[in-house]
1. Scan segment 146-166 for residues that are within 22 Å of residue 262 (Cβ to Cβ) and open to solvent by 20 Å² or more (accessible area, probe 1.4 Å) and jot them down.
2. Residue under question is residue 181, and the condition is that it be buried (at least 16 other Cβ atoms within 10 Å of the Cβ) and within 22 Å of residue 294 (Cβ to Cβ); does it hold?
3. Quick check: anything in segment 85-92 hydrophobic (A, V, I, L, M, F, W, C), surrounded by 13 or more Cβ atoms within 10 Å (Cβ to Cβ) and without any contact (Cβ under 8 Å) to a residue 24 or more places away in the chain?
4. Starting from segment 127-139, keep only residues that are modelled with pLDDT of 85 or more, then list their pairs with residues that are outside any helix (DSSP H, G or I) and not aliphatic (A, V, I, L, M) whose Cβ atoms are within a distance under 9 Å, requiring at least 6 positions of separation or different chains.
5. With the requirement that a residue be within 14 Å of residue 97 (Cβ to Cβ) and not in a helix (DSSP H, G or I), what does segment 177-211 give you?
6. Please work out which one of (1) loosely packed, with under 15 Cβ neighbours inside 10 Å; (2) modelled with pLDDT under 90 is the condition residue 254 fails and give its number.
7. May I ask you to list the residues in segment 42-77 that are open to solvent by 80 Å² or more (accessible area, probe 1.4 Å) and not in a loop (DSSP other than H, G, I, E, B)?
8. At least 3 residues that are in contact with a Ser or Thr (Cβ under 8 Å, 6 or more places away or on another chain) and either over 30 Å from residue 63 (Cβ atoms) or free of Cβ contacts under 8 Å to residues at least 60 places away in the same chain (or both) in each: list the helices (runs of 4 or more DSSP H) lying fully within segment 212-318 that qualify.
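The values are calculated or read from the model by the stated rules, or taken from the named source; none is laboratory data. Keep in mind the model is a prediction, meaning the values are calculated, not measured. Cβ: placed from backbone, ideal geometry, glycine included. Neighbour counts: every protein chain shown. The area values use the complete protein model at the heavy-atom level, side chains included, leaving out ligands, DNA and RNA. Shrake-Rupley method; radii C 1.70, N 1.55, O 1.52, S 1.80 Å.
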Amino acid sequence: MERTTPLATGTPVRKKSFLKRWDSPIAGYLFISPWLIGFLALTAYPMLLSLYYSFTNYTLMKPIEWIGMENYNRIFTADEKFVQSIKITFYYVLASVPLKLIAALLVAMLLNKAVRGISIYRTAIYFPSLIGASIAVSLLWKNIFGVDGFFNKILGVFGIPGTGWVTNPDTALWSLIVLSVWQFGSSMVIFLAGLKQIPNDLYEASAVDGAGKVRQFFKITLPMLSPTLYFNLIMGVINSFQVFTPAYVITAGGPMNSTYVYALYLYERAFSRYQLGYSSSLAWIMLLMIVAAAVAINLTSKYWVFYESESQGGKKRR
């Protein structure tokens, strides 16, 4: 509100209230300036610098030399490890993301019950995701699935011969996939929040019509949960493409390069061979792969993601 103060002549003068003084857009920029400065200095500038380096022959041993598209040409035509790391990374993404989503959804449905002490179970199941794919967890996983690890001891109780799961080329990558699936807590919490938004009246009405649990799941739960599934799928794909710590700590890319994921190859080029220009090109290729995967998922989402205000054809419900 505005207040008026009379002058000596009797003419009122309007004074701006406290809130009106902040109508200028400058105030908004001042409030977001800490984030804006951090984004420009720590994200935008390094990205642009990396883009520039990707067109150079930049190492720590000699001056920067502009070479244009030569790095990209070498990557796509003469780099066998690039092709190998791409194959392993895609295999990891295609296996770990669906399994992780399935595990997260099933556990979320089990925890979506009004039983005594359910919050304790939710906390215990979510806890592994708090520590994430850390070095400590990777070392623990390496010991569990080693030749003399805990997993082989359990198999020995049942008379099943064990093996070095992280040292066997046939099972090493699957050990990393199982680790990714085990850390489903974040996706589970998001699924749980989505399940609580589904009206219980839908289940009651379908039960009256004779629908069983399986039919309710595919006709009610999945369609109503599809926006949440879409979000978890996008985030899972982005994170899986960038997997690094487990592969570096547990297997170091081995055995026989069976876990030589793309991020590990990028790291080796940058910090073992000091080919910073070449590794910058690899980083931008990774970014483009992630963007392409996200765009592909987004383009297909119109066929399987349903919102309350839309029908399958994208038209407003009447």
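1. Across segment 146-166, there are no qualifying residues.
2. For residue 181, the condition - buried (at least 16 other Cβ atoms within 10 Å of the Cβ) and within 22 Å of residue 294 (Cβ to Cβ) - is met.
3. yes
4. 137/183
5. Across segment 177-211, the qualifying residues are 183, 184.
6. All conditions are met except number (1).
7. Correct list: 42, 45, 47, 48, 52, 66, 70, 73, 74, 76, 77.
8. The helices (runs of 4 or more DSSP H) meeting that bar are 222-241, 262-271.
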